[in-house]
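Q: First the structure, which I've put down as structure tokens, then a few questions once you've had a look.
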Amino acid sequence: MLEKTLVDSIKTIDSLTQAQQLALGKFIDKGFPTSKWEEWKYASLKHLNERDWKWSPEKLSVDFSKPQWKHSAIIQTLNGNTHSEGALPQGIALLPMSEFMAQNPAFDSVWKARNPILDQNSLYDLNEALVNDHAVLWVKKGVKIVEPLLHHYLVSGQQDTAVQSKLFIYLEEDSEITWFEQQRSESSHAILSNYVQEIWVSKNAHLTLIKDQDLQQSITHVDHTFIFQQESSLVDAFTFSINAAYLRNNLHFYIDGPQVVSNLNGLYIPGEDQLMDTHSVVDHRMPHSESNELYKGVLMGNATGVFNGKIFVRPDAQKTNAFQSCKNVLASDRATMNTKPQLEIWADDVKCSHGTTTGQLSDEALFYMRSRGISKATAQTLLLLAFVQQVIDKLEHEEIRAELSDKIVNKIQASLGLTLL
Amino acid sequence: MLSVKNLHARIGDKEILNGINLEVHAGEVHAIMGPNGSGKSTLASVLAGRSDYEVSEGSVEFFGKDLLDLSPEARAAEGLFLAFQYPVEIPGVSTTNFMKSAINEIRAYRGQDAMDAVQFLKMFKEKMAYVNIDQTLLSRALNEGFSGGEKKRNEIFQMAVLEPKLAILDETDSGLDIDALRIVAEGVNKLKTPQNATILVTHYQRLLDYIIPDFVHVLYKGKIVKSGNKDLALELEERGYDWIISALD
Ligand SMILES: Nc1ncnc2c1ncn2[C@@H]1O[C@H](COP(=O)(O)OP(=O)(O)O)[C@@H](O)[C@H]1O
Ligand SMILES: [Mg+2]
């Protein structure tokens, strides 16, 4: 249940559609996730009941400083409002969902049947309740854009604010884009940043999705990214969780066709007073597909990390290859990591493997390095940077890779007080 | 250069070194032999500064400094080198990057300027020739997936780069075929100068056909129970260790 005072304040919002009211009812009934909910065991949001949330965020306008490297478009989502800066490339449109559906009436029933797993996800209800007619990025058939589309996601508020954002990306057949999303905040007040991103990847389409999550210490950021993949599509997803007091990623892949490839790469590096929780779902619903999950974490200070990796292989999903790996280094005695791989396999002709490890840097390796004259601090730095580099190196885009690499290296060195000669 | 006096070391309650005495001077080669489990690797590790072992008694001086008071990295910077019996895998760090960090930290310790990329390239090229090692191996993550021979050769390459005053080679010969053994031994011989010294730890006399020791010591139950010249190694080869041990017990 949602706290009484919050129920009162959220009910003052008027002009909600029927669907929104329905979702609001669900959210009010469930309230914020608590540690009693299995899916939120280590990442309770009960404390959000204690704030007097402003439910309608301020309108923002931001002059976004363009990156040095080549990009094909800049799209901003500022406190939930999405627009593009300047023209979009040929074959890409940004429009409201209502207009998109009006132009694609046949898609409506397909969309309604998509069936994501929403157990214990009251924040999805909250988002649905407060977002009306969100934006759609529509990539037309056969359109291949080499330069990344840069997405600037920003939350802000002059008082404690709950920000809901939603974006739908629709890739038609044979299309290809790289979506580089910078998630940021500008506020010293508590912000609940509740972001839903749903992505439809049609036959033969290829999406590279890169999320750079670097928000302030006053921010609670919950990212729900649901990706629906059709036949022979390919998605390379990267999630770099760098900063925020609380960062939760619900990253879901629904494999709805054969010959699909889903690659999930993630790196989380929480430091002092930070919690980062990844709940991934890879749902193999059709045969002959492949998923690869590679997650790494470095936990510093008194950080808490959570990794829950669900893989479902449904009865029809014969000849599935599903691979999952999650490796963590506790770089501090006070840090904790909770891992839970969860495989549910109903098909018999499948190859699945998974492995999770959590440990400290090896004493053997540190002694070996020190015996060569390398100081303990440098040895630790070298080992940690090599550890995270294996995820960063999978990024093909050189400038984005360099930018993220610098940021990650700086955070680790600053958190541990280490420097490299 | 090295003076070990009455060295005792233990792990937990287990006494492993029981009063070692050893004097090593510049220009000398010492062989330390002895059956498995007699404490040879422990002695090497204690000298290099592994913290698992507690030194309960005795002293070690290295060029007049109290070695036991120094961190492992400071010992390396002072000129001590240990070639590991089991070299450790360092995931994601290439030998070249590893050696660059080592060299520049040691140079900083000694108050010398850092070496630049060009100087490194030239130096590495020179040292690679010593042990007949190639560039691809040096670019790979250190020791990861290396064969036994590659690991040992890489240890000697690191030794060539670091130019230690005292090198301790722990079973560097084990696991090597005869060709690899010869290459490793030649590398060690080439690196020998009148200013440095070598301690060879081995339980075979095989390596000593290639690197001739000035002194041979037998370690047993954490103590040096017999010392001699290279003929002692030959005698051990012929007669084993039992005759020494039974004379003690
Ligand atoms: N880390 C350790 N913990 C417990 N016992 C050890 C450890 N290292 C060595 N020992 C014991 O100390 C003794 C000497 O070992 P070691 O120095 O490796 O001998 P050597 O190199 O001569 O074969 C052995 O009995 C061995 O089991
Ligand atoms: Mg040994």
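The values are calculated or read from the model by the stated rules, or taken from the named source; none is laboratory data. Remember, predicted model here, so these are calculated numbers, not experimental data. Here the Cβ positions follow ideal geometry from the backbone for every residue, glycine too, while neighbour counts run over all protein chains shown. Remember, those area values only see protein heavy atoms, side chains included, never the ligands or the DNA or RNA. Shrake-Rupley method; radii C 1.70, N 1.55, O 1.52, S 1.80 Å.
Q: Over the stretch A:187-228, what lengths in whole Å, largest first, do the semi-axes of the equivalent ellipsoid take, defined as the square roots of 5 times the eigenvalues of the alpha-carbon gyration tensor?
A: On the way: eigenvalues 166, 23, 5 Å².
Ellipsoid half-lengths, sorted descending, are 29, 11, 5 Å.
Q: Further, regarding this structure: Explain nothing, just the number: relative contact order of the stretch A:174-295, from Cα pairs under 8 Å at least 6 residues apart, as a whole percent.
A: Working: 355 pairs, mean separation 28.0, N = 122.
Rounded, it is 23 percent for the stretch A:174-295.
Q: Where only protein heavy atoms count, and the probe is 1.4 Å, what is the accessible area per residue for the protein assembly as shown in Å²? Present the calculation step by step, with values, prior to reporting the outcome.
A: Numbers: 27680 Å² over 670 residues.
Counting only protein heavy atoms, the per-residue value for the protein assembly as shown is 41 Å².
Q: About its Cα centre, what dipole magnitude does chain B give when the only charges are +1 on Lys and Arg Cβ and -1 on Asp and Glu Cβ, stated in debye to the nearest 20? Don't skip to the end; give the middle numbers.
A: Working: 27 positive and 36 negative charges, 84 e Å.
In total the dipole reaches around 400 debye.
Q: In the structure displayed, which of B:165/B:223; A:112/A:394; B:192/B:226; A:66/A:144 lie more than 31 Å apart, Cα to Cα? Can you show the working numbers first?
A: Numbers: B:165/B:223 25 Å; A:112/A:394 34 Å; B:192/B:226 25 Å; A:66/A:144 22 Å.
Flagged as over cut-off: A:112/A:394.
Q: Ok, one more. Hey, any idea what % of the protein assembly as shown's accessible area is carbon plus sulfur with a 1.4 Å probe?
A: On the way: 13100 of 27680 Å².
About 47 percent, which is the carbon plus sulfur part of the accessible surface.
Q: Per the helix-only calculation at 222 nm, which mean residue ellipticity applies to chain A, given -39500 (n - 2.57) for every DSSP H run of n ≥ 4 and division by its residues, nearest 500 deg cm²/dmol? Mind dumping the intermediate values first?
A: Values: 8 runs with 86 residues, N = 421.
The helix-only estimate for chain A comes to -6000 deg cm²/dmol at 222 nm.
Q: With a 10 Å cut-off between alpha carbons and a GNM built on chain A, which of A:291, A:325, A:371 moves the most?
A: Per the Cα network of chain A with a 10 Å cutoff, A:371 tops the list.
Q: Quote the charge dipole size of the stretch A:147-189 about the Cα centre in Debye, to the nearest 20; the model charges only the Cβ of Lys and Arg (+1) and of Asp and Glu (-1). List each step's numbers first, then the result.
A: Working: 2 positive and 8 negative charges, 79 e Å.
Here the stretch A:147-189 has a charge dipole of around 380 debye.
Q: With solvent modelled as a 1.4 Å probe, how much accessible area in total do chains B and A shield from it at their shared surface, in Å² to the nearest 100?
A: Values: alone 12040 and 17680 Å², together 27680 Å².
Its buried surface, counting both partners, is about 2000 Å².
Q: Hey, another quick one. Work out the length of the dipole vector of chain A about its Cα centre, built from +1 on the beta-carbon of each Lys and Arg and -1 on the beta-carbon of each Asp and Glu, and round it to the nearest 20 debye. List each step's numbers first, then the result.
A: Numbers: 38 positive and 51 negative charges, 139 e Å.
In total the dipole reaches around 660 debye.
Q: Something else: Based on the Cβ-Cβ distance of residue A:93 and residue A:413, what FRET efficiency does E = 1/(1 + (r/R0)^6) give at R0 = 51 Å, to the nearest 0.05?
A: 0.75
Q: Can you run the Rg to Rh ratio on the stretch A:213-364? Use alpha carbon positions and the Kirkwood inverse-distance Rh. Mind dumping the intermediate values first?
A: On the way: Rg = 16.1 Å, Rh = 15.8 Å.
With Rh from the inverse mean 1/r over Cα pairs, Rg/Rh is 1.02.
Q: Shifting gears a bit: Please compute the contact order of chain A in relative form: average sequence separation of alpha-carbon pairs under 8 Å and at least six residues apart, divided by the residue count, as a percent.
A: 9 percent
Q: Now a separate question. Could you grab the relative contact order for the stretch B:133-249? Cα pairs under 8 Å, six or more apart, rounded to a whole percent.
A: Details: 94 pairs, mean separation 23.1, N = 117.
Over the stretch B:133-249, the number comes to 20 percent.
Q: Something else: Starting from the Cα gyration tensor of the stretch B:32-90, multiply each eigenvalue by 5, take the square root, and state the resulting semi-axes largest first in whole Å.
A: Working: eigenvalues 74, 50, 24 Å².
Working through the eigenvalues yields semi-axes of 19, 16, 11 Å.
Q: Additional query: Over what distance in Å are the Cα centres of the stretch B:18-56 and the stretch A:107-169 separated?
A: Taking the Cα centre of each part, the stretch B:18-56 and the stretch A:107-169 sit 65 Å apart.
Q: Could I ask something else about it? Using the Kirkwood formula on the Cα atoms of the protein assembly as shown, what hydrodynamic radius do you get, in angstrom to one decimal?
A: Numbers: mean 1/r = 0.0349 Å⁻¹.
Over the protein assembly as shown, the inverse of the mean reciprocal pair distance is 28.6 Å.
Q: Okay, moving on. Using modelled amide H (1.01 Å from N, peptide plane; none on Pro or chain starts), what sits under 5 Å from the amide H of residue B:83, excluding residues fewer than 5 places away?
A: For residue B:83, the qualifying residues are B:168, B:169, B:170.
Q: I need two numbers for chain B: Rg to one decimal and Dmax as a whole number, Cα atoms only, in Å.
A: Values for chain B (Cα only, Rg and Dmax): 18.0, 59 Å.
Q: Still on this structure, please answer the following. What percentages, rounded to whole numbers, describe P(r) for the stretch A:194-292 computed over all alpha carbon pairs with 5 Å bin width beginning at zero?
A: 3, 13, 25, 21, 15, 11, 7, 4, 1
Q: Also: By the scheme Lys and Arg +1, Asp and Glu -1, what is the net charge of all other residues having a beta-carbon under 13 Å from that of residue A:46? Walk me through the numbers on the way to the answer.
A: Details: positive: A:30, A:36, A:41, A:51; negative: A:3, A:50.
Net charge around residue A:46: +2.
Q: Among all the lysines, which ones have a C-alpha under 28 Å from residue A:59's C-alpha, if same-chain residues fewer than 8 places away are not counted?
A: Correct list for residue A:59: A:4, A:11, A:26, A:46, A:166, A:211.
Q: A follow-up question, please. For the pair residue A:292 and residue B:57, what calculated FRET efficiency results from E = 1/(1 + (r/R0)^6), where r is the Cβ-Cβ distance and R0 = 41 Å, to the nearest 0.05? Walk me through the numbers on the way to the answer.
A: Numbers: r = 56 Å, r/R0 = 1.35.
Step by step, r from the Cβ atoms, then E = 0.15.
Q: Between residue A:324 and residues 5 or more places away or on another chain, which pairs have amide H atoms under 5 Å apart, with H built 1.01 Å from N, and which residues are they?
A: A:293, A:353, A:354, A:355
Q: I would also like to ask the following. Mind jotting down the distance between the C-alpha centroids of the stretch A:262-288 and the stretch A:1-39, whole Å?
A: 27 Å
Q: Under 16 Å Cα to Cα from residue A:70, which aspartates and glutamates show up? Leave out anything in the same chain fewer than 8 places away.
A: In chain and number order, the partners are A:85, A:147, A:181, A:396, A:398, A:399, A:403.
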